[in-house]
1. With a point put 7 Å past each Cα toward its Cβ, work out how far residue 345 is from residue 181 in nm, to one decimal.
2. For 413, 451, 208, what's the fewest-to-most ordering of other Cβ within 10 Å of each Cβ?
3. What is the percent of Cα-Cα separations in segment 103-159 that go past 15 Å?
4. If you take the beta carbon distance between residue 69 and residue 292 as r and set R0 to 45 Å, what does 1/(1 + (r/R0)^6) give as a FRET efficiency, to the nearest 0.05?
5. Calculate the FRET efficiency for residue 422 and residue 14 from the Cβ-Cβ distance with a Förster distance of 45 Å, rounded to the nearest 0.05.
6. Can you give the extra length, in nm with one decimal, that the chain gains between residue 172 and residue 443 once fully stretched, where that is 0.36 nm per residue apart less the Cα-Cα distance?
7. Is the C-alpha gyration tensor of segment 403-449 telling us rounded, prolate or oblate? Criteria: a/c under 1.5 is rounded; beyond that, a/b larger than b/c is prolate, otherwise oblate.
8. Sort 305, 19 by Cβ crowding within 10 Å, fewest neighbours at the top.
């Protein structure tokens, strides 16, 4: 991959415009073509990603040239994704560190500027750093050190071997004892390089969150919980082995990732650990959005997730893509196999067992939820229809979990998505929650441009 001089970002482009012009606002062809081209080749599923589909050297060179003209977080985020997809851990940490420094030193000037929308466009751009197939999964899978008998070892190898992650189809599984032996025999220089990169990444993400809190106020920070947590975990994993073998190589000052807005979520004692807590967390996010951001598209997706929680695969299929059920089938065998229509399996479908989300005895047990006080607003309470008849309730009572910021809501959605990925890999909830988080902070026009076909949009050039 083309080398980048990261030190140059400390110097202003010019005295009058330290971060240069906004190439996006100027509709610069090179800038817009780069964004469209790279976003078009990013994988939708990391497990199916073929590195040969991207000319990394060429794209990094283009990004470097654009950054010489303009300090733009949109370009830097895509550059970060390119580096980690190309398995360049040190470069990935360096690019994120550059973004942290620009936010600290050039908050008013770095593009997109945090004016008018009070930083929400900028927040949306940077939240893309938490995309699962572009950064989180590649970081989990990046090679960390060589082992004589099993080849390169990644943190994902360790997670799968230890039961922390489920293996994908056709994914080779290494014994936990082999991973432990490989770690004990790994070159100290390799362990140190990885440890330092993860610490740098973790600290840079914390600095980025702090910049948002400092400039916009408490509760308005940047939430990238998946990436930040993973960076801390990997730094600690390698750091523990370094400390055992050569403590002088350990980078001091790595602290466990704090809640994204600096204080714990009220009523949430740690990570989501069971279905009852996941449902209560969805209720909390829906309540927060209904109260604070009623126009949020994320609210619709979270309520859809709440409806889908506990549904069978077929029920979820019918709910999300009803027009495609008739055409769906499961292939059994390969060349001489046969197809089973999904609808034929309807007789065997089951919804959640009586103990789903409770203690197992059928009585709902949600340690995170309680009924709202009589004087507290209840956005999910049943409304009365004309004539006095009660309309169906929109959802459960106001939850006990108290969210104070969009960052906390995004963090909680990420935890619920992570829980379902581990417990119900075939559930659509993680996909919907990732989408809800990705749409957070987008303005109305940006959402319309994504939701509507181009034939329904009137471009300024058409006038």
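All of the numbers you see were taken from the coordinates with simple rules; none came from a lab. On a predicted model such as this, the values are computed, not experimentally measured, just so you know. Virtual Cβ from ideal backbone geometry, glycine too; neighbours counted across all protein chains shown.
1. The modelled label-to-label distance comes out at 4.0 nm.
2. On the way: 413 29, 451 10, 208 24.
Going from least to most buried by this count: 451, 208, 413.
3. Working: 1009 of 1596 pairs.
Of the Cα pairs, 63 percent sit more than 15 Å apart.
4. Working: r = 38 Å, r/R0 = 0.85.
Efficiency, rounded to the nearest 0.05: 0.75.
5. Details: r = 50 Å, r/R0 = 1.10.
Once rounded, the FRET efficiency stands at 0.35.
6. Values: separation 271, 0.36 × 271 = 97.56 nm, distance 4.32 nm.
Separation in residues times 0.36 nm, less the Cα-Cα distance, equals 93.2 nm.
7. On the way: a/c = 4.83, a/b = 1.51, b/c = 3.20.
Oblate, because a/c is 1.5 or more while a/b does not exceed b/c.
8. On the way: 305 26, 19 21.
With the sparsest Cβ surroundings first, the list reads 19, 305.
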